[in-house]
Every structure is written in structure tokens, then in C-alpha cells.
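Peer 1: Below: one structure in C-alpha cells.
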Amino acid sequence: MNKITWLHGDVPLILGSAHRHRVPEEDVRHALDHSVASLDVGEGMTMVIGADRTGALIEVGVVAMYGGWCVVHAMRPARPKFLRR
């Protein structure tokens, strides 16, 4: 797993699709600020693994769009297939 630094300090746009699994925006932002890994999952998406406000690992899918980073997916807990890499 690779630790990322390219999101730190950036304020990504959180799109409506990111709320499908009901992860609060505050947890999404916390996970991006406290990421432990990032994985290229193809089609321009990077899956970021990070801790929510309780410390649980969640997955956050980000893509480059609209001139910056956009969150298109957020899910709790992070799936094992992303944790094993």
C-alpha cells in the first residue's frame, strides 16, 4: 500500500454519488486527511484508504474532474480486497 500526499491540503468536491453508502462528509474529509494508502483501481479512479473520525478504515474513491479532485465514492468499512494490497 502506498501512502499518498497529493490530496493533503486540497479541498475535493464531494459529488452526490459519494453519499450512496451514507458516509458523512466529515468522515470522508477526515479519511482523506488521514489516509494510509491509495490504489489505482482503473478508469481514472484512485481508491484512498483512510480513517474516519472514529478511527475505522473507510474507502474513498477520487477522480480528477472539474479542474481538481472529486470524491465519487465513499464506503464504510473498507473492503478486504483494498486492505490486502
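Peer 1: In the stretch 44-85, which residue that is open to solvent by 10 Å² or more (accessible area, probe 1.4 Å) and charged (D, E, K, R) is nearest to residue 19 (Cα to Cα)?
Peer 2: Filtering first and then ranking leaves 76.
Peer 1: A follow-up question, please. Which of (1) in contact (Cβ under 8 Å) with a residue 12 or more places away in the chain; (2) open to solvent by 50 Å² or more (accessible area, probe 1.4 Å); (3) in a loop (DSSP other than H, G, I, E, B) does residue 41 not meet, given it meets every other one?
Peer 2: (3)
Peer 1: Taking the condition touching a helix residue (DSSP H, G or I) at 6+ places or on another chain (Cβ under 8 Å) and in a strand (DSSP E or B), does residue 48 pass?
Peer 2: Answer is yes for this residue.
Peer 1: Kindly list the number of the only condition in (1) open to solvent by less than 30 Å² (accessible area, probe 1.4 Å); (2) at pLDDT 95 or above that fails for residue 14.
Peer 2: The number of the failed condition is (2).
The values are calculated or read from the model by the stated rules, or taken from the named source; none is laboratory data. Nothing here was measured: the structure is a model prediction, and the numbers come from that model. Cβ sites come from the backbone with ideal geometry, for glycine too, and all protein chains shown count toward neighbours. Note: accessible area is taken over every heavy atom of the protein model, side chains too, but ligands, DNA and RNA are not part of it. Shrake-Rupley method; radii C 1.70, N 1.55, O 1.52, S 1.80 Å.
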